[in-house]
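A quick write-up on the structure given underneath.
The values are calculated or read from the model by the stated rules, or taken from the named source; none is laboratory data. In this text the structure is predicted, and so the values were computed from the model without any measurement. Note that each Cβ is placed from the backbone with ideal geometry, even for glycine, and that neighbours are counted across all protein chains shown. Heavy atoms of the whole protein, side chains included, go into the accessibility calculation; ligands, DNA and RNA do not. Shrake-Rupley method; radii C 1.70, N 1.55, O 1.52, S 1.80 Å.
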Amino acid sequence: SFAEFQQVFGGLWQPSQLPYAVEQFFENGGRRAVIVRVCNGGAPATITLPCGAGALTLEARSPGSREALRASVDYDNVGANEDDRFNLVVQRVRSAGSEHIEDQEIFRRLSIVPGTTRFVATALQESTLVRVRGAVPAVRPDRTYRVGARHPIGYVDSNPDGDDGDLLTDYDLIGSEQRRTGLFALRASDDVHFLCIPPPARDRDLGASVLVVAARVCQDLRAMLIVDPPAAWAGCDDALSGRRELDLQSDHALMCFPRILAFDRLRGRYEAFANGGAVAGVLARMDEQRSPWQAGPDDELLLRPGTRAAMVLTDSERSRLAAHGINSLQSLRTTGERRLALRTLAGGTGRSADSSLLTSRRRALLVMSSIERGTRWAMFDAADRNVWYKLARQVQDFLQPLADAGLFGAGDAADACYVVCDERVNTAHDMSEGRVNLLVGLRSGRAGEYFSFMVSHSAAGSRVRPARANRLPPGTRMSVSARADDVEAGVDDTQR
């Protein structure tokens, strides 16, 4: 919830667009958000706990000037002969000097002796608030006192040395793949459906490099990137010309227009915002109202009353935008019965006829994720040829009810999908490496075309890659194409 976001990240903050996007996400129907915070050179606040002539320094886990912490030390239930032990309480408060406690952690019987089970530097690795900075002194922290108070134990407030850092750059947002920061931190999450990157400032748009890397990360996560329209797009004509200049063609990305107007509680008036957070909330709400597994025409992207579209589009403008892969964001339903299909930004680069259709593309990604997760057990028996039949049977049993429901286009349900897991996609080298491959194809909207992908399981992990499947004679083996992310495989008619 947004209240939980406030507790962890501090709520709305004018220099950042992220809190506003999160608020708009939940207001428009979102239920669960994975937040990654980025910073450019920020410094965490510190807490200095006196230890006789020395001091134990704690530093906040989160950088920034608005992280207000305080700590307390006592010796309750610590024996007189245990002069290395102490109890520590760390609290996050609403602001410096406030008594409004937002979070609290209690660590009992900590020790200043390295190697002990409760060594303070090791025990605080479990803390979500602080870490130990520098060396641990040889004397335990002094008991904290509150001068003139009824109770002797008090608190030590954090020092005013927290720093928000400089303005964010594209490199800060992209992050490091090795350190799993920025966009790459999302790879730790196993269930991301949409990726939203708010603009780094009110007067700046995302750079092209961020969008390119984000689209690639979404491909790995089998998610959809929500691309915000630039602030300079003031109308339909601007959007159409800007779409050509943006030149981002990806079946893992979508865009909605126009931007939105939402009430800024810090400024006390309505302001224009990028629409990514609200769009993610609308799409999440639509998934709950009608499952992506359910066939039928797409519904319109309707904002809830707390936010509204920055302009009203006519029917002709919505049609023109849809022809270029831009979806219309609306505050009210259209009067006509005709509903435009939701689009991706695939353009002419799609691998199948359905790549430019958002619902079909998301359905394919959900199928890919379901199959990859549901067949991970095979990595433990990857060298066993008997696993091939079990895998193919399991996936076929999963896909057939979906095919019978018409999710893979009109036509014979028996021809709606195929599953291959035999010597054509599993070589002797794969078996020696402890790897098992599974080729799956789903019928696309164009006659005779299939959207195919390869699922590979091994002790090193699982991977899903797009594949191009051809109707070749039985016994044809798979071959890896020049592009590392593509797989070419032969599939014979009898497998269908």
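The table below lists the values:
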item: Selected residue [open to solvent by 20 Å² or more (accessible area, probe 1.4 Å), closer than 17 Å to Leu342 by Cα and not small (Gly, Ala, Ser)] from Asp220, Asp237, Asp228; result: Asp228
item: Residue list for the stretch 287-312, filter: over 11 Å from Thr359 (Cα atoms) and part of a loop (DSSP other than H, G, I, E, B); result: Arg290, Glu300, Leu303, Arg304, Pro305, Gly306, Ala310, Met311, Val312
item: Out of Leu321, Leu261, Leu283, sole residue that is of a type outside the set (Ser, Thr, Tyr), open to solvent by 20 Å² or more (accessible area, probe 1.4 Å) and either over 30 Å from Gly448 (Cα atoms) or assigned to a helix (DSSP H, G or I) (or both); result: Leu261
item: Which listed residue, of Leu124, Leu206, is under 31 Å from the mean Cα position of the chain (by Cα) and modelled with pLDDT of 95 or more; result: Leu124
item: Qualifying positions in the stretch 373-427 - open to solvent by less than 30 Å² (accessible area, probe 1.4 Å), β-branched (Val, Ile, Thr) and not in a helix (DSSP H, G or I); result: Thr375, Val419, Val420, Val425
item: Residue pairs meeting the criteria (Cβ under 8 Å; at least 6 apart or on separate chains; first more than 25 Å from Gln91 (Cα to Cα), in the stretch 30-46; second open to solvent by 50 Å² or more (accessible area, probe 1.4 Å)); result: Arg31/Glu288; Asn40/Asp166; Asn40/Leu167; Asn40/Thr169
item: Counted residues, the stretch 1-15 - those being under 21 Å from Leu261 (Cβ atoms), open to solvent by 30 Å² or more (accessible area, probe 1.4 Å) and not aromatic (Phe, Trp, Tyr); result: 2
item: The stretch 428-437, subset part of a helix (DSSP H, G or I) and among the aliphatic types (A, V, I, L, M), residue surrounded by the most Cβ atoms within 10 Å (Cβ to Cβ); result: Met431
item: Top-ranked residue in the stretch 67-113 [being hydroxyl-bearing (Ser, Thr, Tyr) and part of a loop (DSSP other than H, G, I, E, B); ranked as least open to solvent (accessible area, probe 1.4 Å)]; result: Ser98
item: Long-range neighbours under 6 Å by Cβ, at least six apart or interchain, first residue assigned to a loop (DSSP other than H, G, I, E, B) within the stretch 4-19, second charged (D, E, K, R) and modelled with pLDDT under 90; result: Gly10/Arg66
item: From the options Pro160, Pro198, residue that is in contact (Cβ under 8 Å) with a residue 40 or more places away in the chain and surrounded by 19 or more Cβ atoms within 10 Å (Cβ to Cβ); result: Pro198
item: Residue match in the stretch 146-153 (condition: modelled with pLDDT of 90 or more and not in a loop (DSSP other than H, G, I, E, B)); result: no
item: Residue match in the stretch 19-35 (condition: polar (S, T, N, Q) and open to solvent by 20 Å² or more (accessible area, probe 1.4 Å)); result: no
item: Index of the failed condition, Thr116 passing every other in (1) of a type in the set (Val, Ile, Thr); (2) exposed (fewer than 13 other Cβ atoms within 10 Å of the Cβ); (3) free of Cβ contacts under 8 Å to residues at least 40 places away in the same chain; (4) in a loop (DSSP other than H, G, I, E, B); result: (2)
item: Any pair with Cβ under 7 angstrom, 6 or more apart, that starts in the stretch 74-94 at a residue that is over 16 Å from Glu126 (Cβ atoms) and ends at one that is crowded, with 19+ Cβ neighbours inside 10 Å and hydroxyl-bearing (Ser, Thr, Tyr); result: Asp84/Ser111; Arg85/Ser111
